[in-house]
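The values are calculated or read from the model by the stated rules, or taken from the named source; none is laboratory data. These numbers come from a predicted model, not from an experiment. As a convention, Cβ positions derive from the backbone with ideal geometry for all residues, glycine included, and neighbour counts pool all protein chains shown.
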Amino acid sequence: MNHDTCGFGTKAIHAGNVKDAQYGALSTPIYQSSTFVFDSCEQGGRRFAGAENGYIYTRLGNPTTTVLENKIAALEGGEACLATASGMGAISSTLWTVAGAGKHIIADGTLYGCTFALLNHGITRYGVEVDFIDTSDLEALRSHLKENTVAVYLETPANPTLKITDIAAVAREAHGYNPAIKVICDNTFASPALQNPLSLGADVVVHSATKYLNGHGDVVAGFVVGKADFISQVRLFGLKDMTGAVMDPFAAWLLLRGLKTLELRMARHCENARKIAAFLAAHPAVEKVNYPGLATHKGHDVAARQMKDFGGMLSFEVRGGKAAGMKLVNALKLITVAVSLGDAESLIEHPASMTHSTYSEEELREAGIAPGLIRLSAGLENAEDLIADLEQAMAEL
Ligand SMILES: Cc1ncc(COP(=O)(O)O)c(C=O)c1O
């Protein structure tokens, strides 16, 4: 059956699945094999030459992973998908495919810390020029586009400030200047259940599948989604030759399992984050709350337009700055102090000293990441329990 016209939840369960012809297993089998047997030397040669379909070696493709890739492509509305060993594997394989010495990338200055590090002092070591701007400022984007610009890179909602960028406006601006520029959007915070950047004009979507897509805190994984010819370049160059960041078949299977409940989980993450954001916004000890679902959020209108709901991530500052923020985090009893996000457990962390410690103090200031900012991933617990935990910790301040 073709699932193109089905709803998101149906696609997450059924799209891309291949009937197990051997035993009729309901769950996709785990092909935990590094390599695949050829009938003959000639057949191996034909497969390497692309003259015959069939698996060769798991770094180039694996049947369990193919099912997952086809499912993610369907969920993101892309022609094709490449699974990777981590979100950073997806991002670096993509950037190594589009960039090279003498090429120019425009990136938003507010990014996950290791993505910022890769763009700021990783690929720049190899002759790639990177300008950091605020991609929600179209004038800044316009003034930085150049003849050698190959990509515009952004996250929306951005980690950790939840800044919103208008994906359609960025794509219009970049493609108006040069249709060959790849607009690359990290869709980790929203997940395809809430936002499809390709339908808004982006060329490439990257994911840390470690987060909502898997959702259970037990896998590190990533995806790149886009046009089939581009994904094939990322597979055969960015991943095969440059990063080698291939997803393990068992991780692919765990992701297939996690994805079955993605739509349900996202609804609960959003509901919990909305309630927590409202509680924090009304609390006298709280100075600022960043949640795109709040009408006071700068990007609220754009988020309402381009997202189905506002997500499970929020960040906030308490009065008294960093010391008070740390005291609050240390006083929590239920909400867990850990990096990562999108898991069943609510997770809290301090970006300036943890996920974004790759930024200098000045870079943190420019990115709008305050020294006392706290990032919270609303999990799947009952909202009343999470709010009660925050309330008792606030009383300690
Ligand atoms: C928005 C975002 N993108 C990418 C990554 C990197 O993903 P991974 O840790 O799976 O390599 C992260 C990790 O936290 C992230 O938050």
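Side notes on the structure shown:
Every residue, every condition in (1) assigned to a loop (DSSP other than H, G, I, E, B); (2) in contact with a Pro (Cβ under 9 Å, 6 or more places away or on another chain); (3) over 24 Å from Ala228 (Cα atoms), yes or no:
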| position | (1), (2), (3) |
| --- | --- |
| His3 | yes, no, no |
| Tyr23 | yes, yes, yes |
| Ser27 | yes, no, yes |
| Arg47 | no, no, no |
| Thr65 | no, yes, no |
| Asn70 | no, no, no |
| Ala73 | no, no, no |
| Leu82 | no, no, no |
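So that you can scan it fast, the table gives a plain yes or no per residue for (1) within 21 Å of Asp241 (Cβ to Cβ); (2) touching a residue at least 40 places away in the same chain (Cβ under 8 Å):
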position: Val37; (1), (2): no, no
position: Gln43; (1), (2): no, no
position: Gly50; (1), (2): yes, no
position: Thr58; (1), (2): yes, yes
position: Thr65; (1), (2): yes, yes
position: Leu68; (1), (2): no, yes
position: Ala73; (1), (2): no, yes
position: Glu76; (1), (2): no, yes
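- Condition check for Arg365: buried (at least 22 other Cβ atoms within 10 Å of the Cβ) and basic (Lys, Arg): no
- Flag not set for Lys146, criterion: modelled with pLDDT of 95 or more and either within 16 Å of the ligand (Cβ to nearest atom) or crowded, with 16+ Cβ neighbours inside 10 Å (or both).
- Whichever residue in the stretch 79-104 is under 19 Å from the mean Cα position of the chain (by Cα) and more than 16 Å from the ligand (Cβ to nearest atom) and, among such residues, is surrounded by the fewest Cβ atoms within 10 Å (Cβ to Cβ): Glu79
- Selection from the stretch 268-304 of residues that are in contact with a Lys or Arg (Cβ under 7 Å, 6 or more places away or on another chain) and among the charged types (D, E, K, R): Glu287
Results for (1) surrounded by fewer than 24 Cβ atoms within 10 Å (Cβ to Cβ); (2) of a type in the set (A, V, I, L, M), shown as yes or no for each residue.
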{"site": "Ala209", "(1), (2)": "no, yes"}
{"site": "Leu213", "(1), (2)": "no, yes"}
{"site": "Gly226", "(1), (2)": "no, no"}
{"site": "Phe230", "(1), (2)": "yes, no"}
{"site": "Asp241", "(1), (2)": "yes, no"}
{"site": "Pro249", "(1), (2)": "yes, no"}
{"site": "Leu256", "(1), (2)": "yes, yes"}
{"site": "Ala267", "(1), (2)": "yes, yes"}
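- Cβ separations smaller than 6 Å between residues 6+ apart or across chains give the following pairs from the stretch 15-27 residues that are within 24 Å of Ala80 (Cβ to Cβ) to residues that are in a loop (DSSP other than H, G, I, E, B) and at pLDDT below 95: Ala15/His3.
- Single residue of the stretch 373-391 satisfying the filter (of a type in the set (A, V, I, L, M) and part of a helix (DSSP H, G or I)) that is surrounded by the fewest Cβ atoms within 10 Å (Cβ to Cβ): Ala388
- Where Val329 falls short, out of the listed (1) in a helix (DSSP H, G or I); (2) buried (at least 19 other Cβ atoms within 10 Å of the Cβ); (3) of a type in the set (Val, Ile, Thr): (2)
- Yes/no for Thr355 being among the hydroxyl-bearing types (Ser, Thr, Tyr) and more than 21 Å from the chain's Cα centre (by Cα): no
- Matching option when the condition is within 16 Å of the ligand (Cβ to nearest atom) and in contact (Cβ under 8 Å) with a residue 12 or more places away in the chain, among Gly293, Gly321, Gly342: Gly342
- Residue that is farthest from the ligand (Cβ to nearest atom), among those in the stretch 185-204 that are assigned to a strand (DSSP E or B) and either modelled with pLDDT under 95 or under 15 Å from Met307 (Cα atoms) (or both): Cys185
- Checklist (1) surrounded by 15 or more Cβ atoms within 10 Å (Cβ to Cβ); (2) in contact (Cβ under 8 Å) with a residue 60 or more places away in the chain applied to Glu396, failing item: (1)
- Which numbered condition Thr165 fails, given (1) within 16 Å of the ligand (Cβ to nearest atom); (2) within 22 Å of Ser232 (Cα to Cα): (2)
- Leading residue by the ranking (farthest from Val152 (Cα to Cα)) among those in the stretch 110-132 that are within 16 Å of the ligand (Cβ to nearest atom) and hydroxyl-bearing (Ser, Thr, Tyr): Tyr112
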